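Working notes, structure below.
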Amino acid sequence: MIKKEVQIHPTAEVSNTAQIGENTKIWHQSQIREEAKIGKNCIFGKNVYIDKNVIIGNNVKIQNNVSVYDGVIIEDGVFVGPHVSFTNDKIPRAINPNGSLKLEQSDWKIDKTIVKKGSSIGCGSIILCGTTIGRFALVGAGSVVTKDIPDHALVYGNPARIRGYVCICGKKLQPPNSSESLGYCNDCKISVTK
Amino acid sequence: MIKKEVQIHPTAEVSNTAQIGENTKIWHQSQIREEAKIGKNCIFGKNVYIDKNVIIGNNVKIQNNVSVYDGVIIEDGVFVGPHVSFTNDKIPRAINPNGSLKLEQSDWKIDKTIVKKGSSIGCGSIILCGTTIGRFALVGAGSVVTKDIPDHALVYGNPARIRGYVCICGKKLQPPNSSESLGYCNDCKISVTK
Amino acid sequence: MIKKEVQIHPTAEVSNTAQIGENTKIWHQSQIREEAKIGKNCIFGKNVYIDKNVIIGNNVKIQNNVSVYDGVIIEDGVFVGPHVSFTNDKIPRAINPNGSLKLEQSDWKIDKTIVKKGSSIGCGSIILCGTTIGRFALVGAGSVVTKDIPDHALVYGNPARIRGYVCICGKKLQPPNSSESLGYCNDCKISVTK
């Protein structure tokens, strides 16, 4: 299932049930697990972990030491900064109340997390499961994302709060001049509509 | 000292002076250093680092990219989320005031950190040394733990503050109906006593 | 260009265009990229990533899972705690506004980050690019550094704010007794001047 043009570093490990699109590069010690579906032209840095069943689109960049867990969907053109981690359990426990080891999947329900087209997640951010990050949103470095983020929103902090809106290019929008607009980008000379 | 039933990935490195209990699994690139003592039925994810002299109980789950340093004791049934790091020096410096390189151990005293039975540490949290995390406490994702956490406490934030109390199962307790109780769990139908 | 006395773990990868000073140790899975310049007596922990063109002085300690990106200069005697990440792009995007994949360097300008002599960066901190961390400053664990930090400042939090001043030894200074002083160190018996 791995296309010829895919570049996998010798220290990386890719499951033979994973699908990887053409021109995708997978660097040192990264691991792609069973049934993961990854698009084309993606770049995975050093020590990236893609759990089983994760779905990733085209033109996605995932930097060093990122962990993406089962239940996460990442759409086209998303940037995931270094050291970002997703989660897939809101109430993590190693053991059940009776003291037995909690097993994967059989003992808990996974909440879906969606990262929409063109958005960026800054360095070291943590994304709680069950959230959706909107199209072209920008999550600042060191954020803890605990709830849904609207399209084009700029958020940061712990917990992450909305601090403004950004253009497709990532630059902060000037205040909107109509109720249908999120703001105006001085660089792109466009008004971004809601 | 490594039992036959222990599963160690070929890319992991386990010191031959470390003790590992039966049925424990150690995954990709993880490293267990000299004199570490690890119980049975534990799972260590990818790129976990267990420093020398660390003590870990039974049924402990440690996720990807966790660093546990000398001076840390982790009791039975603890969950340590991805990207968590412990520390063992409150005033880290690379050099002494005279400019010479600070050497390990000879030049500083290690503060003990204790993570008690059944507690959970959420994704990306940082645990300052010299702290104790109470039994069945729940540290939310992205927390910076700077002081002791009582049994069953739910804490989160930077710095982590008490936000409520949780059951053995991890669910938030309803307000207590007596001064001896921390609260009532609607799921487990039990009152948790202080 | 790699001196004989340099100690490189077999699982580490060092570019043959990188310069490494004598007595420097590079541990498991660490990677030093092209044209990086590293001084002597340094210690790089497990899974450290040093990007191309990074400059690092002598007697520097870099702990596990640290990522240092192109554009960062680290002076002599600096401590970089575990899981710290630098950044080199204030507005990260995977794609250009026209939808094409953003390429390295050709498509963005790197902001320089400088970490001055003798300073320390606590565990899990994130350093935004374009900032300078002053001499002997101490960045507490879990900080997000968003602006310049003066010499000897103690900062922590998200975002990191000044909370006091520290000595060369790292201990907190007592209030100053003159306008030229930052404070007095009870341990070193010295007054630190501005």
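The values are calculated or read from the model by the stated rules, or taken from the named source; none is laboratory data. As the structure is a prediction and not an experimental result, all values here were calculated from the model. For neighbour counting, all protein chains shown are included, and Cβ atoms are generated from backbone atoms with ideal geometry for every residue, glycine included.
Laid out as a table, the results:
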{"item": "Residue that is modelled with the highest pLDDT, among those in the range A:88-130 that are farther than 17 Å from A:ARG163 by Cβ, crowded, with 19+ Cβ neighbours inside 10 Å and polar (S, T, N, Q)", "result": "A:THR113"}
{"item": "Scan of the range A:1-33 for residues that are of a type in the set (Asp, Glu) and either away from chain B (no Cβ under 14 Å) or under 16 Å from the mean Cα position of the chain (by Cα) (or both), ordered by number", "result": "A:GLU5, A:GLU22"}
{"item": "The range A:70-128, subset in contact with an Asp or Glu (Cβ under 7 Å, 6 or more places away or on another chain) and within 27 Å of C:LEU128 (Cβ to Cβ), residue farthest from the other protein chains (Cβ to nearest Cβ)", "result": "A:LYS116"}
{"item": "Residue within the range B:77-87 that is surrounded by fewer than 22 Cβ atoms within 10 Å (Cβ to Cβ) and in contact (Cβ under 8 Å) with a residue 12 or more places away in the chain present", "result": "no"}
{"item": "Answer residue from the range B:53-65, given it is out of contact with any Pro (no Cβ under 7 Å at 6 or more places or on another chain) and within 14 Å of chain A (Cβ to nearest Cβ) and is surrounded by the most Cβ atoms within 10 Å (Cβ to Cβ) among those", "result": "B:ILE62"}
{"item": "Residue satisfying condition, being in contact (Cβ under 8 Å) with a residue 24 or more places away in the chain, at positive phi and under 19 Å from the mean Cα position of the chain (by Cα), within set B:GLY71, B:GLY57, B:GLY45, B:GLY39", "result": "B:GLY71"}
{"item": "All positions within the range C:54-74 that are more than 20 Å from C:VAL144 (Cα to Cα) and either touching a helix residue (DSSP H, G or I) at 6+ places or on another chain (Cβ under 9 Å) or not in a strand (DSSP E or B) (or both)", "result": "C:VAL54, C:GLY57, C:ASN58, C:ASN59, C:VAL60"}
{"item": "Looking only at the range B:34-52, and only at residues there that are surrounded by 24 or more Cβ atoms within 10 Å (Cβ to Cβ) and away from chain C (no Cβ under 14 Å), the one that is nearest to A:GLY99 (Cα to Cα)", "result": "B:CYS42"}
{"item": "Members of the range B:158-187 that are assigned to a loop (DSSP other than H, G, I, E, B) and within 25 Å of the chain's Cα centre (by Cα)", "result": "B:ASN158, B:PRO159, B:ALA160, B:CYS167, B:ILE168, B:CYS169, B:GLY170, B:LYS171, B:LEU173"}
{"item": "Test result for B:TYR184, surrounded by fewer than 18 Cβ atoms within 10 Å (Cβ to Cβ), at pLDDT 95 or above and more than 23 Å from B:ILE56 (Cβ to Cβ)", "result": "yes"}
{"item": "Residue in the range C:19-33 that is under 22 Å from B:GLN29 (Cβ atoms), part of a strand (DSSP E or B) and touching an Asp or Glu at 6+ places or on another chain (Cβ under 6 Å) present", "result": "yes"}
{"item": "Matching entry among B:ALA153, B:ALA137, B:ALA141 (being more than 13 Å from the chain's Cα centre (by Cα) and surrounded by 24 or more Cβ atoms within 10 Å (Cβ to Cβ))", "result": "B:ALA141"}
{"item": "Only one of A:GLY57, A:GLY71 that is modelled with pLDDT of 95 or more and closer than 19 Å to B:GLN63 by Cα", "result": "A:GLY71"}
